[in-house]
Amino acid sequence: MHYLITHTTTYTYDQPIALLPHVVRLRPRCDVTQVLKKFAFEVRPKPLQMSENIDLDGNTILKLWFKEESTSSLIVSVTSEVETYRTNPFAYLLEPCAIHLPIDYPASLLSQLQPYLVGQSSYASGMLDPVAIQLAQEIADLTQGNVVSFLSELNQRISQSCQHMIRETGDPFPPGLTWSKKAGSCRDLTVLFMETCRAIGLATRFVSGYQEGDPDWEHRHLHAWAEVYLPGAGWRGYDPTQGLAVSDRHIALVASSSSRYTTPISGSIKGIAQSKMEYKLTIEPRA
């Protein structure tokens with residue numbers, strides 16, 4: 001699939017402020033699943049300096065520095081043309097160690113995957129949410145420990161059990177809270193999916209990006225889903241909001257072990273002011 005994406009985010013402040021350094025994570029990634037054909041980026045007020053960097057997870061990020069002068073707004077606009085390729089999300093052959101739970105990751109691989117195996121609900125301690133542990137064991141028993149069946153059942157269970165709600169800002173809810181409420185934003189449902197996978201020993205990471213959705217939708221939103229590392233298949237995407245295995249209708253921006261490192265725009269200001277954030281997003285499929 002070929003997509004043209006335009007995305008403008010506007011921050012307005014009720015008092016004049018000065019902009020301190022900001023990080024923008026809105027450049028679509030390039031890999032075997034998608035290629036960024038064109039990318040245009042505009043910021044107002046114009047930054048004093050900008051650098052393109054690669055973060056610890058291999059994502060492209062834009063670091064912005066501004067003049068110390070007063071402003072009442074920050075506008076970030078990006079236009080991306082992306083081609084996606086993964087038409088069949090199940091076109092892989094798992095290594096023997098990855099067919100049944102728990103996956104027996106080789107020692108060298110296990111050390112690399114550690115950040116993707118610890119709990120998100122209390123990241124500092126790495127403790128896993130008890131609700132996620134119980135859900136993981138229930139689904140593992142139901143699917144007789146088959147890895148692919150476990151992931152499909154978990155994906156469907158969250159999608160069918162939880163009501164999707166739009167929540168523009170804020171950190172993801174703890175997994176136990178999302179499951180008890182049976183409702184959450186896409187990032188809440190993704191963190192629940194990740195925590196449950198990690199509770200059974202599956203390495204996962206959080207992905208921020210876009211999803212094609214219904215072209216008749218009046219409002220588009222950023223989307224979130226999870227990727228699971230499967231020996232023999234690499235990182236494979238699962239969208240618990242829609243109950244889908246990720247294919248060529250999703251466009252990834254960045255991925256990390258924690259959602260906190262995928263925030264589309266982050267930074268700080270000098271001054272005291274209340275801010276308001278609005279954005280306009282269009283996702284247009286192209287022939």
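Can you tell me which residue in the stretch 215-231 is modelled with the highest pLDDT, limited to those that are part of a loop (DSSP other than H, G, I, E, B) and over 16 Å from Ile166 (Cα atoms)?
By that ranking, first place goes to Pro231.
Against the condition β-branched (Val, Ile, Thr), under 18 Å from Val246 (Cα atoms) and open to solvent by 10 Å² or more (accessible area, probe 1.4 Å), how does Val148 come out, does it pass?
Working: β-branched (Val, Ile, Thr): yes; under 18 Å from Val246 (Cα atoms): yes; open to solvent by 10 Å² or more (accessible area, probe 1.4 Å): yes.
Judged against the criteria, Val148 is a match.
When you scan the stretch 201-208, do you find a residue that is touching a Cys at 6+ places or on another chain (Cβ under 6 Å) and modelled with pLDDT of 95 or more, even just one?
The first filter runs over the stretch 201-208 and keeps only residues touching a Cys at 6+ places or on another chain (Cβ under 6 Å), leaving 204.
This time we only want the ones that are modelled with pLDDT of 95 or more, so: 204.
For the stretch 201-208, residues touching a Cys at 6+ places or on another chain (Cβ under 6 Å) and modelled with pLDDT of 95 or more: present.
So which residues in the stretch 232-256 are over 25 Å from Gln163 (Cβ atoms) and open to solvent by 10 Å² or more (accessible area, probe 1.4 Å)?
Of everything in the stretch 232-256, those that are over 25 Å from Gln163 (Cβ atoms) and open to solvent by 10 Å² or more (accessible area, probe 1.4 Å) turn out to be Gly232, Ala233, Gly234, Trp235, Arg236, Asp248.
Take the stretch 239-273 and flag every residue that is more than 24 Å from Thr169 (Cβ to Cβ), not in a loop (DSSP other than H, G, I, E, B) and not small (Gly, Ala, Ser).
Selection gives Leu244 alone.
Out of Ser77, Ser73, I need the residue that is in a strand (DSSP E or B), crowded, with 16+ Cβ neighbours inside 10 Å, of a type in the set (Gly, Ala, Ser) and at pLDDT 95 or above. Which one?
Selected residue: Ser77, the only one of Ser77, Ser73 that is in a strand (DSSP E or B), crowded, with 16+ Cβ neighbours inside 10 Å, of a type in the set (Gly, Ala, Ser) and at pLDDT 95 or above.
Exactly one of (1) open to solvent by 50 Å² or more (accessible area, probe 1.4 Å); (2) without any contact (Cβ under 8 Å) to a residue 40 or more places away in the chain; (3) out of contact with any Ser or Thr (no Cβ under 7 Å at 6 or more places or on another chain); (4) more than 30 Å from Val23 (Cα to Cα) is unmet by Ser161. Its number?
(1)
Results for (1) open to solvent by less than 40 Å² (accessible area, probe 1.4 Å); (2) modelled with pLDDT of 95 or more, shown as yes or no for each residue.
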residue: Leu94; (1), (2): yes, yes
residue: Ala107; (1), (2): no, no
residue: Leu110; (1), (2): no, no
residue: Gln120; (1), (2): yes, no
residue: Leu135; (1), (2): yes, yes
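Looking for whichever is in contact with a Cys (Cβ under 6 Å, 6 or more places away or on another chain) and closer than 22 Å to Tyr210 by Cβ here; the options are Leu26, Leu36, Leu62. Which one fits?
The conditions single out Leu36.
With the checklist (1) out of contact with any Pro (no Cβ under 7 Å at 6 or more places or on another chain); (2) buried (at least 16 other Cβ atoms within 10 Å of the Cβ) in hand, flag the one item Leu64 doesn't pass.
(1)
Inspect all residues belonging to the stretch 264-280 and state whether any of them is farther than 30 Å from Met50 by Cα and touching a strand residue (DSSP E or B) at 6+ places or on another chain (Cβ under 9 Å).
no
Among Val207, Val191, which is over 21 Å from Thr60 (Cα atoms) and under 11 Å from the mean Cα position of the chain (by Cα)?
Unique residue meeting the criteria: Val191.
The values are calculated or read from the model by the stated rules, or taken from the named source; none is laboratory data. Only a predicted model underlies this, so the values are computations on that prediction, with no experimental measurement involved. Cβ: placed from backbone, ideal geometry, glycine included. Neighbour counts: every protein chain shown. These area figures cover heavy atoms from the full protein model, side chains too; ligands, DNA and RNA do not enter into them. Shrake-Rupley method; radii C 1.70, N 1.55, O 1.52, S 1.80 Å.
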